[in-house]
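*Asks:* There's a structure below that I have some questions on.
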C-alpha cells in the first residue's frame with residue numbers, strides 16, 4: 001500500500017486450492033482517498049471536456065429532443081470549472097465543430113462559456129448518424145492533451161446507420177482507452193448494444209434518458225463527476241507466472257466491464273489494463289488466473305497487481321499479491337471467498353439479463369422466462385435491489401426464491417431498455 | 001541472486017519472478033498451512049481413481065508439468081472433475097464402490113462455519129454400525145400427479161430425460177436437503193441443484209435428523225412447495241419432526257424422491 005499516493009489496493013481471495021487445481025480467483029479493491037482534499041484547491045491536473053451532441057434529423061421530432069439537448073449542453077458548459085479546456089461537437093453522418101470554430105479546445109472562462117452557449121442556441125438538425133466520425137473528431141481534439149484528464153459526453157437518439165459496423169469497430173479499436181466517454185441515449189430508438197460498445201472501449205458509462213426534461217440534471221451530474229477526477233490514466237499492471245494464463249480481468253463495481261481485451265503487453269509476463277481517470281472513489285476488479293497445477297504444500301504468487309500511472313516513467317501507486325497454495329485439506333480449499341462469490345453472482349446476473357433480453361427479442365419466450373427467472377432469484381440473493389426493481393417492470397414474479405416468473409404481456413419499451421442499459425450496475429456485498 | 005525451487009534466478013527474494021514459486025522457504029509455516037492427518041481423512045482414491053485429484057503424481061516441478069490425468073465419466077463421456085458428473089449427474093463414488101467396506105465418515109474434519117448461516121458445528125458421525133442410505137432419484141408418477149394437481153404446463157418444467165440414482169450414506173447427525181446457493185452461502189448435503197436441477201426445491205428445503213436411538217426423522221424447513229411423505233396427500237407440517245422408517249419415500253420439488261434404506 002502506498003498511503004502517499006492516495007491509492008490503496010486490497011486483495012480478497014481464498015488462496016487455497018485442492019491439489020491439481022489451476023484456477024485462482026481474486027477480487028481486487030482499488031480505493032483512492034485524500035486526492036485534492038485541500039479546501040478550494042483546484043486539482044493540479046489539466047482537464048479537457050468534449051461534449052458531443054447528436055444533431056441528426058431524428059433529433060428534430062419531437063421538437064423537445066433537440067431543445068432539451070441544447071439546454072443540457074448549455075448546463076454542462078456552465079458547470080465547467082474555469083481553466084478547463086473544452087469543445088462542443090455536433091454529430092450527424094459527419095462531425096463538425098460547434099464551438100470553437102476551429103478544430104481545437106479553448107479554456108473555459110466567463111466569455112468563452114457565453115460564446116459556447118450562443119453557438120449551441122443556433123444548432124440545427126439534419127442528416128444521418130455515424131458515431132465513429134464523432135469519436136474520431138473528439139480523439140483529434142484530445143490528442144494535444146496527453147497528460148490531462150480527458151472526458152467526453154456523447155448524446156444520441158438513434159441507431160448508427162451511416163457507417164458499417166466494421167468501420168465503427170475500427171474506429172473504436174483505434175480510440176479505445178484514449179479518453180473516457182460517458183454515453184447517453186435519449187428516447188427509445190437507439191441501440192443499447194451500440195452505445196455499450198462505445199462506453200466499454202472508452203471506459204465510460206451508458207444510460208438511458210427516457211424523458212428529455214431529465215437531460216439537464218444528468219449532464220450536470222456527469223460534468224461535475226468528471227471535474228472531480230484528479231488523476232488521469234491509471235492502469236492495472238498485472239504480472240503472471242510463466243506458463244500461467246490471465247483468464248480475465250473485469251471491473252465488477254460500480255458496473256460490470258470486461259477489460260480483458262483492453263490489456264496491453266507492457267513487459268515480460270506483464271500486461272496493463274486501462275482504468276481511466278480517478279477521483280476519490282472505490283472500484284472492484286475480479287481477476288482470474290490459470291496457473292500450472294501445483295502439488296500439495298506448494299505455495300506461489302499467482303499474480304502481482306500494481307496500480308501505475310501512465311507516461312514514460314510510470315509511478316507505482318500501490319501493489320498487492322494474488323497467491324496460490326495447494327492443500328488437501330477440504331475445509332481450506334472448499335471455502336469460496338465471499339467477495340468472489342458475490343461478484344460471480346453479480347456477473348451472472350448481468351449475463352442472464354442480457355441472455356433473457358436477446359431470447360425475448362428472438363421470440364424464444366421460454367428461454368427468456370427462465371433467464372429472467374434466474375435473474376430475479378440472483379438479484380434477490382445478492383441484494384441488488386436496483387436491478388430487482390428494473391426486472392419487476394418486465395416480469396411478474398411468482399416466487400422470488402426459486403425464480404419463478406411470468407413475462408408481462410405488455411412491457412413499455414423504455415422499461416426493457418432501462419433493464420438493458422442498467423443491468424451491469426452492481427452492488428457491494430451486504431456484509432463487509 | 002536467489003534461485004527458486006525450479007531453478008530460475010530471481011531478483012525478487014520472496015516469489016520467483018519467472019514462475020511465481022515461493023522462494024523464502026525458511027519462514028514458519030503459515031498459521032493456515034494445513035497439518036495433514038491422512039488416517040482420518042476420507043481418501044476418495046480408494047474408490048474412484050483420484051477424482052478430486054489431490055494425489056496427482058503427474059505434476060512434477062512447478063511450471064514444468066505433465067498433463068493432468070483426465071477423468072472421464074463412464075456414463076456420458078464428459079470430463080469428470082468432481083464426485084458428480086456435470087454433464088449427467090453420474091455419481092462416480094458409488095458407481096465405483098457400491099458399499100464401502102467400512103462406514104465412511106463423509107467429513108472427518110468438521111468444516112468450520114464457513115458457509116454463512118449453516119450450522120455445521122454439530123457435525124459428527126453417529127452411525128454406530130447401522131448403515132442408513134438416502135437414495136435420490138426421480139419419479140414420473142409423482143411428477144405427473146403434481147403437474148395435474150397444480151395445473152402446471154409440463155412444457156415449462158419438463159421431466160428430466162435422465163436422473164441417475166445418487167446415494168448418500170447418512171453418516172452425520174443431520175443432512176440438509178436443498179439447492180446450492182453461492183450468493184447466500186447455502187451448501188446442502190443433498191444438493192438438488194446438481195443436474196438435472198430440480199427448480200421447485202427450495203434452497204433450504206428439509207433436514208434429515210439422526211435420533212439417539214439410531215433412527216432418523218424428517219423436518220420440513222418451511223419450503224415453498226412443501227414436502228410429501230410416501231402416499232400421504234398432504235405435505236408434512238413445517239418445522240416438525242416426522243419419524244422415518246426403512247423404505248420411506250420423501251417427495252420434494254417437481255420430481256425428486258428420496259428413499260431411505262437401512263442396512
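*Asks:* State yes or no: is residue B:131 at pLDDT below 80 and in the same structural domain as residue B:209 (by TED's automatic domain parsing)?
*Replies:* Spelling it out, residue B:131 is indeed at pLDDT below 80 and in the same structural domain as residue B:209 (by TED's automatic domain parsing).
*Asks:* Continuing with the same structure: Which is touching a strand residue (DSSP E or B) at 6+ places or on another chain (Cβ under 6 Å), at negative phi and either crowded, with 21+ Cβ neighbours inside 10 Å or outside any strand (DSSP E or B) (or both), of A:352, A:340?
*Replies:* Just a single option satisfies the conditions, and that option is A:340.
*Asks:* For segment A:209-256, what are the residues that are under 30 Å from residue A:82 (Cα atoms), surrounded by fewer than 20 Cβ atoms within 10 Å (Cβ to Cβ) and in contact with a helix residue (DSSP H, G or I) (Cβ under 8 Å, 6 or more places away or on another chain)?
*Replies:* A:213, A:216, A:218, A:220, listed by residue number.
*Asks:* Just to verify a result, which residue in segment A:387-415, among those that are more than 13 Å from chain B (Cβ to nearest Cβ) and in a loop (DSSP other than H, G, I, E, B), is surrounded by the most Cβ atoms within 10 Å (Cβ to Cβ)?
*Replies:* Here the answer is A:394.
*Asks:* I'd like to check something: does segment B:159-178 contain any residue that is surrounded by fewer than 18 Cβ atoms within 10 Å (Cβ to Cβ), modelled with pLDDT of 85 or more, part of a loop (DSSP other than H, G, I, E, B) and within 14 Å of chain A (Cβ to nearest Cβ)?
*Replies:* Checking segment B:159-178: not a single residue is surrounded by fewer than 18 Cβ atoms within 10 Å (Cβ to Cβ), modelled with pLDDT of 85 or more, part of a loop (DSSP other than H, G, I, E, B) and within 14 Å of chain A (Cβ to nearest Cβ).
*Asks:* Sort out which residues of segment A:229-248 are closer than 23 Å to residue A:33 by Cβ and either outside any strand (DSSP E or B) or without any contact (Cβ under 8 Å) to a residue 40 or more places away in the chain (or both), and write them in order of number.
*Replies:* A:229, A:230, A:232, A:233
*Asks:* Sort out for me the strands (runs of 3 or more DSSP E) sitting completely within segment A:1-61 that have 3 or more residues that are modelled with pLDDT of 85 or more and crowded, with 22+ Cβ neighbours inside 10 Å.
*Replies:* A:23-32, A:47-54
*Asks:* Test of understanding: among A:161, A:103, which residue is farther than 18 Å from residue A:76 by Cα and touching a helix residue (DSSP H, G or I) at 6+ places or on another chain (Cβ under 8 Å)?
*Replies:* Of A:161, A:103, the one residue that is farther than 18 Å from residue A:76 by Cα and touching a helix residue (DSSP H, G or I) at 6+ places or on another chain (Cβ under 8 Å) is A:103.
*Asks:* While we're here: Of everything in segment B:222-235 that's modelled with pLDDT of 90 or more and closer than 22 Å to residue B:172 by Cβ, which residue is surrounded by the most Cβ atoms within 10 Å (Cβ to Cβ)?
*Replies:* In this case the residue turns out to be B:227.
*Asks:* Run down A:421, A:370 and say which single residue is within 14 Å of chain B (Cβ to nearest Cβ) and either in contact (Cβ under 8 Å) with a residue 12 or more places away in the chain or closer than 24 Å to residue B:224 by Cα (or both).
*Replies:* When all the criteria are applied, what remains is A:370.
*Asks:* Looking only at segment A:353-367, which residues are within 13 Å of another protein chain (Cβ to nearest Cβ) and in contact with a helix residue (DSSP H, G or I) (Cβ under 6 Å, 6 or more places away or on another chain)?
*Replies:* Once the filter is applied, which keeps residues that are within 13 Å of another protein chain (Cβ to nearest Cβ) and in contact with a helix residue (DSSP H, G or I) (Cβ under 6 Å, 6 or more places away or on another chain), segment A:353-367 yields only A:367.
*Asks:* Now for a separate question. So which residues in segment A:257-267 are surrounded by 16 or more Cβ atoms within 10 Å (Cβ to Cβ) and not in a strand (DSSP E or B)?
*Replies:* Once the filter is applied, which keeps residues that are surrounded by 16 or more Cβ atoms within 10 Å (Cβ to Cβ) and not in a strand (DSSP E or B), segment A:257-267 yields A:259, A:262, A:263.
*Asks:* Then there's this: Filter segment A:268-316 down to residues that are away from chain B (no Cβ under 14 Å) and free of Cβ contacts under 8 Å to residues at least 60 places away in the same chain and give me whichever is surrounded by the fewest Cβ atoms within 10 Å (Cβ to Cβ).
*Replies:* Looking at the filtered set, the residue picked out is A:312.
*Asks:* Give segment B:200-221 a look and list any residue that's part of a loop (DSSP other than H, G, I, E, B) and either surrounded by 20 or more Cβ atoms within 10 Å (Cβ to Cβ) or outside the structural domain of residue B:140 (by TED's automatic domain parsing) (or both), or say none.
*Replies:* Correct list: B:200, B:201, B:202, B:203.
*Asks:* State which residue is farthest from residue A:107 (Cα to Cα) when the search covers only segment A:67-78 and only residues that are surrounded by fewer than 23 Cβ atoms within 10 Å (Cβ to Cβ) and in contact with a strand residue (DSSP E or B) (Cβ under 9 Å, 6 or more places away or on another chain).
*Replies:* So the residue we want is A:68.
The values are calculated or read from the model by the stated rules, or taken from the named source; none is laboratory data. The model shown is predicted, which means the values in this text are computed figures rather than measured ones. FYI the Cβ positions are ideal-geometry reconstructions off the backbone, even for glycines, and counts take in every protein chain you see.
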